[in-house]
1. Picking from Ile71, Ile94, which residue would you name as being in contact with a helix residue (DSSP H, G or I) (Cβ under 7 Å, 6 or more places away or on another chain) and open to solvent by less than 10 Å² (accessible area, probe 1.4 Å)?
2. Tell me which residues, restricted to the stretch 120-136, are touching a helix residue (DSSP H, G or I) at 6+ places or on another chain (Cβ under 6 Å) and within 13 Å of Met102 (Cα to Cα).
3. Consider Ala146 carefully, then state whether it is modelled with pLDDT of 95 or more, more than 14 Å from the ligand (Cβ to nearest atom) and open to solvent by 10 Å² or more (accessible area, probe 1.4 Å).
4. So which residues in the stretch 226-247 are touching a Phe, Trp or Tyr at 6+ places or on another chain (Cβ under 8 Å) and crowded, with 24+ Cβ neighbours inside 10 Å, if there are any at all?
5. Could you look through the stretch 268-287, keep only residues that are surrounded by fewer than 19 Cβ atoms within 10 Å (Cβ to Cβ) and either hydroxyl-bearing (Ser, Thr, Tyr) or within 30 Å of Trp193 (Cα to Cα) (or both), and pick out the one that is nearest to the ligand (Cβ to nearest atom)?
6. So, in the stretch 107-138, of the ones that are of a type outside the set (A, V, I, L, M, F, W, C) and at pLDDT below 95, which residue ends up nearest to Leu28 (Cα to Cα)?
7. Need at least 2 residues that are among the charged types (D, E, K, R), on the phi < 0 side of the Ramachandran plot and within 15 Å of the ligand (Cβ to nearest atom) per element, so show me which helices (runs of 4 or more DSSP H) inside the stretch 210-267 make the cut, counting only ones lying wholly within it.
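The values are calculated or read from the model by the stated rules, or taken from the named source; none is laboratory data. Quick caveat, the model's predicted, so the values are computed rather than measured. Note that each Cβ is placed from the backbone with ideal geometry, even for glycine, and that neighbours are counted across all protein chains shown. In case anyone asks, the SASA skips ligands and DNA or RNA and just uses the protein heavy atoms, side chains included. Shrake-Rupley method; radii C 1.70, N 1.55, O 1.52, S 1.80 Å.
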Amino acid sequence: MDETASTAASYHASHHASYPASLRLGALEIAPAVLLAPMESLTDLTFRRLLRAIGGVGLTCTEFVASEALIRDVPRVEEMALLDPSEKPAAIQIYGKKPASMAEAARRAVDLGAAVVDINMGCPARKVVAHSGGVALMRDPALVGAIVAAVRAAVSVPVTVKMRAGFDAASRNAVQIARICEDEGADGVTVHWRTRVDGFAGTLDLGPIADVRSALRIPVIGNGDVCDVASARRMFDQTGCQAVMVGRGAIRDPFLPLRIANDLAGLPPPVVEPERRLAFLLDYVDGIQARFRTEFGALGRIKKFCAYYTRGLPGGKALREKIFHAQDLGVVRDLVAAFFESAQNAWDGGGEAMEPLPGGVVCP
Ligand SMILES: Cc1cc2nc3c(=O)[nH]c(=O)nc-3n(C[C@H](O)[C@H](O)[C@H](O)COP(=O)(O)O)c2cc1C
């Protein structure tokens, strides 16, 4: 159910005219201009399917997928690249450092249904950087050019690159890297304002995104700490970006993309009853259980998800701690059901309380 359009007639859209209604990547029109960030072990197929059912997201993206493993048919990795039929359009994100492997992986991504191939140049994870992938690529502009050119030549769908402001404070070279991406045929770039060294800390500085926006002709997607409607507006206002990408905030509140999309379109915010938050979490638990081979694996995934999802809920901290200690999925299900049953009376259905997210968040 997509609520974006349903109340259009009853609201004034005129003063929102400055916000983009859609994002154009090559020949692909993405509407609304709100994108889901790729997040390892969070934005899996189950989450994305449930998010799509809510609406408000113009493009969903897989977790990062290792190019070398994808082209070698490693089953666990291939599963990470699977898309749900409801994800139209969807991006598959690939990472690696060998242009030929990235090109081959991009072809595989398109075979698997990717409408967009996204190249990861932002991942700070040790296992990725140690192999010169992810954000480490930003220190090697020549290799960036070779990878984008190879991927560009391999597929006809739009190609995007996701990067950070730079590798560290001393090399904030997003403008240089983004120009190379554009010159080699990328259709858009996503810029997260932090550097690798910032981790999830750092003082909010959207300047690097604005700088890339001024330097490029292709669209720029702004990312980092968009956690509510105000911070989405701030991203558009301060950078001139053509779309926003939402990560952790969408796990805490899967209605966030819809809240932002409605705001951009001049629509009233969606009404989210506690039962819908309950239904989402129970559906998520069911979906994860169905996809994981072991209960242990499913529990770990659900606990990670709940570290975000319970933020900002009244009593969320106590629920989170109980779920962390749960030994089986039946217990998790009972805890969630009981929590939302009691929350229904106490909770007004808001969902924008600003209890910090793991990693911290710089909110207005
Ligand atoms: C748990 C986690 C996993 C992530 N995995 C990826 C990933 O696979 N690929 C990627 O490009 N970025 C990844 N990121 C970075 C996010 O895509 C995003 O750039 C970052 O979280 C900032 O956006 P946010 O403040 O809206 O969360 C990850 C972030 C988190 C918190």
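1. Of the residues listed, the single one that is in contact with a helix residue (DSSP H, G or I) (Cβ under 7 Å, 6 or more places away or on another chain) and open to solvent by less than 10 Å² (accessible area, probe 1.4 Å) is Ile94.
2. Asn120, Met121, Gly134, listed by residue number.
3. Here the answer is yes, as Ala146 does meet what is asked.
4. The answer is Val244, and nothing else.
5. The qualifying residue nearest to the ligand (Cβ to nearest atom) is Pro269.
6. Gly122
7. 229-239, 248-252
Every residue, every condition in (1) open to solvent by 40 Å² or more (accessible area, probe 1.4 Å); (2) hydrophobic (A, V, I, L, M, F, W, C); (3) over 23 Å from the mean Cα position of the chain (by Cα), yes or no:
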residue	(1), (2), (3)
Gly113	yes, no, no
Val117	no, yes, no
Met121	no, yes, no
Gly134	no, no, no
Ala150	no, yes, yes
